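K.L.:
Let me give you the structure first, and then I'll get to my questions.
The values are calculated or read from the model by the stated rules, or taken from the named source; none is laboratory data. If you're wondering where the values come from, they're calculated on a predicted model, not measured in any experiment. So basically every Cβ, Gly included, is an ideal-geometry build from the backbone, and we count neighbours across all protein chains shown.
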């Protein structure tokens, strides 16, 4: 996808973090923007900010766990703008703790947003984009699914999140291959950020009532503390990641990483698989983190 001006971009999780930065860049490039989020105040704020810059904006509350709400988002997009060219399936939440301590509500919440949200967005918007392409010989489209380095690695006390993001990587690779097979004029990318200050470590602030969790266990408190520290101390900004993402879209690049240096850990994991070795210690290079985590679990 080379042309952005006057194209229509749909962004879930648009009120904060990467989604907000995608919207700001899209406005700067002259795109028409469809913003979806579950945070009404933050959504209203970014809508007003973008409209003051002259952007055409449609903002909708949307819980991506629910297919009917994502369908309503798609219907509203077509009613307002008549087409869709760029989709960011970006909404995401985080939750940690020892994997056997996660409740059914934990699983339903994290998989509902991180995985089912991407499933709904991919299924609904890909079909819509293919329909748009049939009516426009010059059509160009692209879909970006936000996964994580946790979709390629498996750190302890992050099991529910790891599972959701591994699934998003697999879904995205499958989407890419299927689009290539039918020679669709639609590209696909998967964004795998590492620790970037986005607010995801505080995503429990928006946890819906129907999936409210129990009082956190010791491991969940420890995981939360470590996540807060890792995310807030990140040196790469959400704006930088968003800029790199738009560059990747224009270059038809599938894998997008915020911290390419972390790929050495991915390589080691792949070597474990190929060599049929047991999974390696993710904290081998930083044993103090493992020791600190163990100490917190024993406290």
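K.L.:
So which residues in region 173-192 are surrounded by fewer than 17 Cβ atoms within 10 Å (Cβ to Cβ) and within 17 Å of the chain's Cα centre (by Cα)?
P.N.:
Within region 173-192, 173, 174 meet the criteria.
K.L.:
Output the residues belonging to region 261-299 that are in contact (Cβ under 8 Å) with a residue 60 or more places away in the chain, surrounded by fewer than 11 Cβ atoms within 10 Å (Cβ to Cβ) and part of a helix (DSSP H, G or I).
P.N.:
none
K.L.:
Could you check how many residues of region 26-46 are within 26 Å of residue 205 (Cα to Cα), part of a helix (DSSP H, G or I) and in contact with a helix residue (DSSP H, G or I) (Cβ under 9 Å, 6 or more places away or on another chain)? Walk me through it before giving the result.
P.N.:
Step one: filter region 26-46 for residues within 26 Å of residue 205 (Cα to Cα), giving 33-46.
Now narrow it down to the ones that are part of a helix (DSSP H, G or I): 40-46.
Now restrict to residues that are in contact with a helix residue (DSSP H, G or I) (Cβ under 9 Å, 6 or more places away or on another chain): 42, 46.
The number of residues fulfilling the criteria is 2.
K.L.:
Find the residue count for region 192-235, including only residues that are part of a loop (DSSP other than H, G, I, E, B) and either modelled with pLDDT of 95 or more or in contact with a strand residue (DSSP E or B) (Cβ under 7 Å, 6 or more places away or on another chain) (or both). Spell out the reasoning first.
P.N.:
Taking region 192-235 as the starting set, the residues that turn out to be part of a loop (DSSP other than H, G, I, E, B) are 193-199, 207-208, 212-217, 233-235.
Pick out the ones that are also either modelled with pLDDT of 95 or more or in contact with a strand residue (DSSP E or B) (Cβ under 7 Å, 6 or more places away or on another chain) (or both) and you get 193, 217.
Selection size over region 192-235: 2.
K.L.:
Any residue in region 66-81 that is buried (at least 23 other Cβ atoms within 10 Å of the Cβ), over 19 Å from the mean Cα position of the chain (by Cα) and over 30 Å from residue 159 (Cβ atoms)?
P.N.:
The answer is yes, given that some residue of region 66-81 is buried (at least 23 other Cβ atoms within 10 Å of the Cβ), over 19 Å from the mean Cα position of the chain (by Cα) and over 30 Å from residue 159 (Cβ atoms).
K.L.:
Check residue 176 against each of (1) in a loop (DSSP other than H, G, I, E, B); (2) closer than 30 Å to residue 135 by Cα and name the one condition it does not meet.
P.N.:
Unmet for residue 176, out of (1) in a loop (DSSP other than H, G, I, E, B); (2) closer than 30 Å to residue 135 by Cα: (1).
K.L.:
Sticking with this structure for a sec: Considering only region 133-170, state which residues are more than 27 Å from residue 222 (Cα to Cα) and crowded, with 20+ Cβ neighbours inside 10 Å.
P.N.:
Within region 133-170, the first condition is being more than 27 Å from residue 222 (Cα to Cα), and the residues that meet it are 133-145, 170.
Correct list: 141, 142, 143, 144, 145.
K.L.:
If you check residue 8 against the conditions, is it in contact with a strand residue (DSSP E or B) (Cβ under 6 Å, 6 or more places away or on another chain) and either under 25 Å from residue 185 (Cα atoms) or free of Cβ contacts under 8 Å to residues at least 40 places away in the same chain (or both)? I'd like the intermediate steps shown before the answer.
P.N.:
Working: in contact with a strand residue (DSSP E or B) (Cβ under 6 Å, 6 or more places away or on another chain): yes; either under 25 Å from residue 185 (Cα atoms) or free of Cβ contacts under 8 Å to residues at least 40 places away in the same chain (or both): yes.
Criteria met by residue 8.
K.L.:
Got at least one residue in region 100-113 being without any contact (Cβ under 8 Å) to a residue 12 or more places away in the chain and either part of a helix (DSSP H, G or I) or surrounded by fewer than 24 Cβ atoms within 10 Å (Cβ to Cβ) (or both)?
P.N.:
Looking only at region 100-113, we keep the residues that are without any contact (Cβ under 8 Å) to a residue 12 or more places away in the chain, and these are 100, 104.
Then drop every residue that is not either part of a helix (DSSP H, G or I) or surrounded by fewer than 24 Cβ atoms within 10 Å (Cβ to Cβ) (or both), which leaves 100, 104.
Taking every residue of region 100-113 in turn, at least one turns out to be without any contact (Cβ under 8 Å) to a residue 12 or more places away in the chain and either part of a helix (DSSP H, G or I) or surrounded by fewer than 24 Cβ atoms within 10 Å (Cβ to Cβ) (or both).
K.L.:
Another question, then. From the set of residues in region 231-250 that are free of Cβ contacts under 8 Å to residues at least 24 places away in the same chain and surrounded by fewer than 12 Cβ atoms within 10 Å (Cβ to Cβ), which is farthest from residue 5 (Cα to Cα)? Write out each step before concluding.
P.N.:
Looking only at region 231-250, we keep the residues that are free of Cβ contacts under 8 Å to residues at least 24 places away in the same chain, and these are 235, 240, 244, 247.
Narrowing further to those that are surrounded by fewer than 12 Cβ atoms within 10 Å (Cβ to Cβ): 235, 247.
Values: 235: 31, 247: 15 Å.
The residue in question is 235.
K.L.:
Could you check residue 20 against (1) in contact (Cβ under 8 Å) with a residue 60 or more places away in the chain; (2) assigned to a loop (DSSP other than H, G, I, E, B) and say which number it fails?
P.N.:
(2)
K.L.:
So which residues in region 246-260 are over 14 Å from residue 196 (Cα atoms) and in a helix (DSSP H, G or I), if there are any at all?
P.N.:
Passing the criteria: 246, 247, 248, 249, 250.
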